[in-house]
Structures are given as C-alpha cells and as structure tokens.
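Okay, so here's the structure we're looking at.
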Amino acid sequence: MEDDPNIARLVDMYLRRDGYRVYQAADGATGLHRIKQYRPKLVILDIGLPGDVDGIQLCRELRATSDIPIIMLTARDSEIDRIVGLELGADDYVTKPFSPRELVARVRAVLRRIDVGGRTTLQTVLEVGEVEVDVARREVRLRGDLVSITAREFGLLQYFAENMGVVLSRRQLLDGVWGWDWVGDERTVDVHVFQLRRKLGDALTLTTVRGVGYRLD
Ligand code: CA
C-alpha cells in the first residue's frame, strides 16, 4: 500500500521480477479490501497514506484480526515511526528513500523466517553464532555484550545475516545497504567489512570470496 505512484511502480516491478504476485492500493480502505479479496502472504504498508486510515491505524487494524506479515515503509528515519510500527506488530520496516532491492530482500527474509519457524518464532533478533543482531533496537551483542557499531555497519551486518550462506557482490551490498542511488567507490564495502571483522572477531565467519564479494556463514 503506497500512495506515491512512482514508488509503487518501482516496488511492483522489483517484486514481480523476483516472482511475487503484487496487488496495489493507494489508500487504506482500498488496501483492506484487497487484503480480504486476495489474502496476500505479506503486506507492504506505507506509514503515510491519504484518507481516513493511515498506515499506523491500518497496521493496528490488521493486527487485531490477523498475523499477516507486515513491512512498514517509513517516510523518514524517525525512531518514533519505527518503534510505533514494530510495537504495533509490523515485522520489519524500511526507511525512505530505500533501495527496491533492499525491500525485496526484506520481503524474502520475512517470508523465510515465517516458513522456517512458523509465526511463533518470528523474531526481530537475528542470531549469527554468538552474535545477536537486534533489528528492533538496532543493537549488536557479542556473547551478550553490546558492541559499538555505526548505522552503516549495522545495516551491512543485518543484510549479511538475512542472506546467510549467500555470496554477495560488492555491488549487491551497495544496492542493498547504501541504497540504489548511492554513488562512490565499491571499496567502501571493504572498509566496512574490515570494521565488522575488527569489532566481532572470530565470532563472525565472514568469508572473502575472491573476485566476487563476501559470504556470511
Ligand atoms: Ca505516502
């Protein structure tokens, strides 16, 4: 559900390309109707929707009657929006401007978590060996101790954690974490990987795949 036609079109295109069937709605009332009609596996919900029902209300309404996975789109990097969204029961959120590829990766990750564990184990803390990636709090803990980490390092670690075992190229990482409109040197990825390794040490089995990129095991 998204009222900005450009964003809606882009998201639609990327999701379809990944094999998903997509139904769109530009306002909450239509969105609710579509959900009842098509019973989707997941809802992408813009927090700022026009009309009587905004994203927050809609999230609350959906949660009252169903446990359908919800990914919120927040207009700005606002702590409040994120926390409200997650407290209302959204499964994840993406901050605008976002990379469509990142959104698709989040969709995949949320659906996979549900496929694997069922609704009850749905979690906002990803476990990577002795490292805990707390998506809701944007915190990383190593053997229970909080690790000081930058927002970008966190984004990178979360992306790796959601794509465990997959070889990710520097370009994919830039698109997914820095955003599709980011311009700069691909080696910036290496610098951040270096920092993650420095901070998390042996606890992180982050392998360099020569000539390609990185893989988290
Ligand atoms: Ca909007």
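Of the listed requirements (1) modelled with pLDDT under 95; (2) out of contact with any strand residue (DSSP E or B) (no Cβ under 6 Å at 6 or more places or on another chain), LEU196 misses just one: (1).
Scanning segment 158-174 for residues that are among the polar types (S, T, N, Q) and in contact (Cβ under 8 Å) with a residue 40 or more places away in the chain gives ASN163, SER169, GLN172.
For first residues located in segment 184-198 and in a helix (DSSP H, G or I), partners that are among the acidic types (Asp, Glu) and surrounded by 11 or more Cβ atoms within 10 Å (Cβ to Cβ) and lie 6+ apart or on another chain with Cβ distances below 8 Å form the pairs HIS192/GLU153; GLN195/GLU153; LEU196/GLU153. One residue alone among GLN57, GLN24 is surrounded by fewer than 18 Cβ atoms within 10 Å (Cβ to Cβ), polar (S, T, N, Q) and more than 16 Å from VAL107 (Cα to Cα), and that residue is GLN57.
Would it be correct to say that VAL133 is within 19 Å of PHE160 (Cβ to Cβ) and at pLDDT 90 or above? Judged against the criteria, VAL133 is a match. Screening ARG101, ARG34, ARG9 for residues that are of a type outside the set (A, V, I, L, M), more than 16 Å from the ligand (Cβ to nearest atom) and either more than 15 Å from the chain's Cα centre (by Cα) or not in a helix (DSSP H, G or I) (or both) leaves exactly one candidate, ARG34. Of all the listed residues (ASP190, ASP185), the sole one being at pLDDT below 90 and on the phi < 0 side of the Ramachandran plot is ASP185.
Applying the criterion of being over 21 Å from the mean Cα position of the chain (by Cα) and in a loop (DSSP other than H, G, I, E, B) to the residues of segment 37-53, the residue that is nearest to the ligand (Cβ to nearest atom) is PRO50. Residues of segment 56-78 include at least one that is within 15 Å of VAL94 (Cβ to Cβ), away from the ligand (no atom under 16 Å from the Cβ) and in a loop (DSSP other than H, G, I, E, B). Taking the conditions (1) aliphatic (A, V, I, L, M); (2) modelled with pLDDT under 85; (3) more than 15 Å from the chain's Cα centre (by Cα); (4) closer than 30 Å to LEU204 by Cα in turn, ILE149 satisfies each one other than (2).
The values are calculated or read from the model by the stated rules, or taken from the named source; none is laboratory data. This structure is a prediction, so every number in the text was calculated from the model and none was measured. Using ideal geometry, Cβ is built from the backbone for each residue, glycine included, and neighbour counts are taken over all protein chains shown.
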